[in-house]
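Down below is the structure, laid out as structure tokens.
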Amino acid sequence: MPFISPLKEIIKPRGEWTSRSIRTGLIARKIGIYPMWDKDGNRYLTTLLQVVDNHVVKYLTPEQCRQNYGPRFGNLGVMIVGAESVDPQRFTKEYCGLFRESGLMPKIKLTRFQITPEAALPPGTPLYATHFQVGQHVDIVGKTIDRGFQGVMKRWGFHGMPATHGVTKSHRRGGNTGGGGEKGRIWPGTKLPGHMGAQQIVVRAFKIVRINTKFNIIYVKGPNIPGETNSFVSIRDTKIPTYPKPISSPFPTYYPGEATQPLPDDIFDSTMHNYEEPTILYEDKR
């Protein structure tokens, strides 16, 4: 019997959006930094995040999550998303078996996203950069650049010892690390030399100012996205309550077949200058 893709079957009806709904996120590559200008002539640096070949690999219901991971997920399910299909010969047969249910090629990167049950998607569903909207805020998870073993001056910003006046071979050392007596030990949390970087951190409430629908690129306002160039990051709706999720966002995701008209190649935020518009000239008022 030939294999039938799950996308040809209706697994469950589409859920309705509520104020407590949590959608899935996307996996993207950080490909560089690019300047943009707003309509007042102010220059900003933006980070380019390219969403490459994202598909839903598997969905775990809240009951399955409690059985596999315990009660820490509560009433949330887990959506497993994969990015960048590659040759199956690069992986073991066991790893390729993870994608048998969804009918997909093996993926380089897999990420779990906690979602509410009404935001579930069937395995094999493609995800695009238009899953988000310009103007909304997102949280980004990435791994910082690995700096290796570093001293206190580079790792913690210490001033260091004097260059002269009797200092010998201790110019970049940290100096005294504690007191004596009964407390003559290194206290937990003391800033010392050690491994720097390669830590997973979350940066929150970054605004999307532009989306390129042709190449699936999301322009995020700000240059301080964790990770080096060409590294993977995960993007999701922000959890900060002061930046509410826009009600008009596609739920549970964007479906190109349901669009009434084709999207433009570039979608700009209303505060940013569109390069296809005439150049704005400002006169010096002094």
Do we find a residue being open to solvent by 50 Å² or more (accessible area, probe 1.4 Å), among the acidic types (Asp, Glu) and under 17 Å from the mean Cα position of the chain (by Cα) anywhere in region 229-240?
-> no
Restricting region 162-197 to residues that are in contact with a Ser or Thr (Cβ under 8 Å, 6 or more places away or on another chain) and open to solvent by less than 40 Å² (accessible area, probe 1.4 Å), which is farthest from residue 143 (Cα to Cα)?
-> 178
Being under 16 Å from residue 131 (Cα atoms), touching a residue at least 60 places away in the same chain (Cβ under 8 Å) and either within 21 Å of the chain's Cα centre (by Cα) or open to solvent by 80 Å² or more (accessible area, probe 1.4 Å) (or both) is the filter here, so list the residues in region 248-286 that pass it.
-> 248, 249, 250, 251, 252, 253, 254, 267, 268, 269
Check region 31-53 and report whether any residue there is of a type outside the set (Gly, Ala, Ser), open to solvent by 70 Å² or more (accessible area, probe 1.4 Å), more than 30 Å from residue 277 (Cα to Cα) and assigned to a loop (DSSP other than H, G, I, E, B).
-> no
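The values are calculated or read from the model by the stated rules, or taken from the named source; none is laboratory data. Note that the coordinates shown come from a computational prediction; the quantities given were computed from them, not determined experimentally. Note that we place each Cβ from the backbone using ideal geometry, even for glycine, and neighbour counts take in every protein chain shown. Note: accessible area is taken over every heavy atom of the protein model, side chains too, but ligands, DNA and RNA are not part of it. Shrake-Rupley method; radii C 1.70, N 1.55, O 1.52, S 1.80 Å.
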